[in-house]
Amino acid sequence: MIDRATVDKIIDAARIYDVVSEFVTLKKSGVNYKGLCPFHDDRNPSFMVSPSKNICHCFVCGKGGTPASFLMEHEQITYPEALRWLAKKYNIEIVEKELTDEEREAQSERESMFVVNEWAKDWFHDILKNDPDGIAIGKQYFRSRGIRDDIIEKFQLGFSPQKRDALALASKAQGYKPEFLVKTGLCIERKIEGDNKEIEGDKGQLSDRYAGRAIFPWFNVSGKVVAFGGRVLDSRTKGVAQKYVNSPDSEIYHKERELYGIYQAKKAIVKEDRVFMVEGYTDVIAMHQAGIENVVANSGTALSTYQIHMLHRFTNNITLLYDGDEAGIHAAMRGTDMLLEEGMNIKVLLLPDGDDPDSFARKHSTEELKQYIEENQTDFITFKSRLTVENVTDPVKRSEAIGGIVKSISVIPDQILRSTYLSDFAHRINMKEQTLVAEMNKFIQKNLEDKEKDSARQQGREPQQELTQPEMSEDDLLSLHSPTEQASQVEQMLVREIVRHGEEVIFEDVETEDGGTMSLNVAQYVSFDLSQDGLSFALPIHNQILAEAVEQSENPDFKAETYFCNHADVQVSKLATHLAIDRHQLGGRFVLEPREGSLRQRVLHLVMDFRLDIVENRLKEIQRQLQQVGSDVEKMMQLLKEHKETKEIRDELAKRLGSDLVV
């Protein structure tokens with residue numbers, strides 16, 4: 001467990017801009033920052049970061065929070081894990097006791113898998129640096145590829161001994177459970193039968209998946225080890241069908257959701273406002289060694305929407321960098337329409353035949369490499385036009401190729417960019433622009449129809465509210481995801497005042513029954529007023545916030561907003577963050593909701609509004625019961641009496657509020 005003093009130290013040190021900018025490209029917007037939301041498919045920046053409040057919030061999906069809660073949501077980690085992440089970032093020492101067997105057992109499966117992978121990464125790396133075979137075989141392989149020691153350290157490269165159970169035995173000695181070695185894919189479970197045949201998948205003996213291979217750890221965007229790639233060394237590749245073996249899909253790793261090198265590249269991607277996409281591990285490493293760090297690899301698979309969304313958080317610009325053979329051309333063509341549809345600006349660069357990014361980078365200096373890229377990369381439409389249309393004389397093939405390019409242009413969301421590409425393309429192939437426009441409009445219409453059909457099918461399976469319809473107001477969008485949707489608006493507004501101003505004194509020198517005086521802050525006054533008639537909020541979490549605010553009022557350093565936004569209870573923290581954000585803040589600075597009067601007047605007014613809501617609801621309930629009372633005269637008389645008394649209370653409250661009610 002992390003002690004309270006250390007937790008407070010971490011919370012005080014953590015800055016929301018520092019944390020969010022690790023994952024999202026942020027741009028200044030007034031006193032705040034904005035970027036694309038990392039929690040939904042966001043094409044227009046709707047994610048706001050407030051350094052002054054030290055919180056973030058998406059005005060579409062409603063997610064966000066403090067530095068810790070943002071990490072919990074984004075990385076799907078626990079509160080203690082988020083604190084450890086922050087402590088590491090801000091160099092805050094956490095001294096923890098050794099976990100007991102019971103505590104280790106209680107850790108989540110996901111956390112345990114990350115722990116095992118982190119240990120394995122260190123073990124592979126240590127073997128490479130210190131084991132005789134690691135130095136003689138593994139390090140020699142990396143040196144033969146021209147990889148320097150500093151790059152080996154940067155990517156934490158390693159080596160797995162050729163003994164088939166070396167890692168399994170080492171992990172057992174450290175107390176790691178075999179089930180997590182199998183679930184992460186580090187080991188394969190085999191059963192030894194009488195004839196010594198080994199069968200994968202049965203419970204039994206463990207053997208290492210990567211025995212005798214060079215190791216490339218996969219880090220996710222936050223730096224956690226999610227998987228490994230193992231390569232057979234050059235001397236053994238002849239006749240081997242599968243040079244690379246990668247981790248299988250698991251609870252913490254899905255290949256279509258990860259990009260190799262994203263952790264090492266993300267800051268450079270933001271700085272350069274561009275990402276280079278290559279095919280393999282060594283391509284990424286060679287580019288880094290050549291001084292170009294804004295590079296990632298999709299490792300031979302087609303780009304997925306998950307990967308595109310991840311990259312889009314950091315930049316709108318991507319260059320596909322592949323070798324110039326048929327496989328490289330095919331790789332450049334895959335997934336491009338998806339990139340265009342997501343609003344990415346695509347350039348393509350095919351290297352000279354016989355070269356891949358790895359070999360080309362090793363042959364040229366950093367300046368030569370950068371110059372070659374700058375001079376030879378071209379936009380995707382031009383690339384595709386040169387490849388499939390220009391110098392093609394067959395009318396049918398040429399027509400099909402033109403249609404394919406127009407179809408690609410049609411998915412671009414930006415209308416101006418779409419028109420620019422189409423105009424340039426028409427000029428390039430010497431065709432009337434109106435003809436291409438008519439064809440493009442057909443594709444656009446078909447795209448819309450297909451999306452409507454897909455939406456209808458999805459709603460049939462999983463009905464859900466569409467959040468991006470332009471006719472919906474920003475307040476409507478917020479209300480769809482409001483964590484307080486079961487409470488009345490008045491109750492929500494009252495709890496908002498408690499979260500924002502709970503510690504602020506609104507009554508001074510109030511006389512007490514014993515002749516003394518006392519002061520009441522917002523939380524204390526609300527609690528006192530409601531308790532006079534045994535009233536409480538509709539939602540338990542609201543009552544919890546009020547009770548804790550009153551309890552914490554004894555602490556002279558208590559600041560309600562800071563306390564609740566950084567609350568250890570995730571639900572309290574999320575709700576407090578939601579209430580701390582002003583709904584109307586969309587223009588780059590905070591704009592307080594229009595409400596006349598002082599804090600004291602607002603709170604008094606809201607308390608009476610809350611009481612009036614309760615009375616109004618009671619009147620409706622009495623009227624409902626009167627309609628169902630039937631011939632029970634005594635019951636009817638009781639209800640009529642209660643209705644009259646309740647109505648008098650309602651009218652008195654309304655009078656105090658200055659409202660005119662229709663009787």
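The values are calculated or read from the model by the stated rules, or taken from the named source; none is laboratory data. Note that the structure is predicted; figures quoted are calculated from it, not measured. Neighbour counts run over all protein chains shown; Cβ positions are idealised from the backbone, glycine included. Note: accessible area is taken over every heavy atom of the protein model, side chains too, but ligands, DNA and RNA are not part of it. Shrake-Rupley method; radii C 1.70, N 1.55, O 1.52, S 1.80 Å.
All of R428, R418 fail the test of being open to solvent by 70 Å² or more (accessible area, probe 1.4 Å) and part of a helix (DSSP H, G or I), apart from R428. Do the conditions hold for V24, that is, is it within 13 Å of the chain's Cα centre (by Cα), surrounded by 21 or more Cβ atoms within 10 Å (Cβ to Cβ) and outside any loop (DSSP other than H, G, I, E, B)? Spelling it out, it is not the case that V24 is within 13 Å of the chain's Cα centre (by Cα), surrounded by 21 or more Cβ atoms within 10 Å (Cβ to Cβ) and outside any loop (DSSP other than H, G, I, E, B).
Residue-by-condition table, conditions (1) under 16 Å from M287 (Cβ atoms); (2) among the basic types (K, R); (3) under 30 Å from the mean Cα position of the chain (by Cα):
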{"site": "Y322", "(1), (2), (3)": "yes, no, yes"}
{"site": "H330", "(1), (2), (3)": "no, no, no"}
{"site": "M338", "(1), (2), (3)": "no, no, yes"}
{"site": "E341", "(1), (2), (3)": "no, no, yes"}
{"site": "I346", "(1), (2), (3)": "no, no, yes"}
{"site": "P352", "(1), (2), (3)": "no, no, no"}
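Consider E497 carefully, then state whether it is of a type in the set (D, E), closer than 25 Å to L606 by Cβ, in a loop (DSSP other than H, G, I, E, B) and modelled with pLDDT of 70 or more. Taking the combined requirement at face value, the residue does not satisfy it. Show the residue pairs meeting these rules: Cβ distance below 6 Å; 6+ apart or different chains; first residue within the range 366-393 and more than 21 Å from E341 (Cα to Cα); second residue surrounded by 13 or more Cβ atoms within 10 Å (Cβ to Cβ) and basic (K, R). These pairs meet every condition: V392/R398.
Looking across the range 256-265 at every residue that is open to solvent by 10 Å² or more (accessible area, probe 1.4 Å), under 15 Å from R313 (Cβ atoms) and not in a loop (DSSP other than H, G, I, E, B), the one that is modelled with the highest pLDDT is identified as Y263. In contact with a Ser or Thr (Cβ under 7 Å, 6 or more places away or on another chain), over 24 Å from R618 (Cβ atoms) and surrounded by 17 or more Cβ atoms within 10 Å (Cβ to Cβ): is that true of A523 in this structure? Yes; evaluated as a whole, the condition is true for this residue. Evaluate the range 393-414: report whether one residue or more is modelled with pLDDT under 85, over 24 Å from Y322 (Cβ atoms) and of a type outside the set (S, T, N, Q). Looking through the range 393-414, at least one residue is modelled with pLDDT under 85, over 24 Å from Y322 (Cβ atoms) and of a type outside the set (S, T, N, Q). Applying a threshold of 8 Å to beta carbon distances and a minimum spacing of six or more residues, or different chains, the list of pairs starting in the range 542-569 at a residue that is within 18 Å of Q492 (Cβ to Cβ) and without any contact (Cβ under 8 Å) to a residue 24 or more places away in the chain and ending at one that is in a loop (DSSP other than H, G, I, E, B) and among the aromatic types (F, W, Y) reads N543/F537. The C-beta contact set for the range 427-448 (first residue in contact (Cβ under 8 Å) with a residue 40 or more places away in the chain, second residue assigned to a helix (DSSP H, G or I), distance under 8 angstrom, 6+ apart or interchain) comprises R428/T382; R428/S385; I429/S385; I429/I402.
Any chance the range 133-143 includes a residue that's at negative phi, open to solvent by 40 Å² or more (accessible area, probe 1.4 Å) and outside any helix (DSSP H, G or I)? Taking every residue of the range 133-143 in turn, none turns out to be at negative phi, open to solvent by 40 Å² or more (accessible area, probe 1.4 Å) and outside any helix (DSSP H, G or I).
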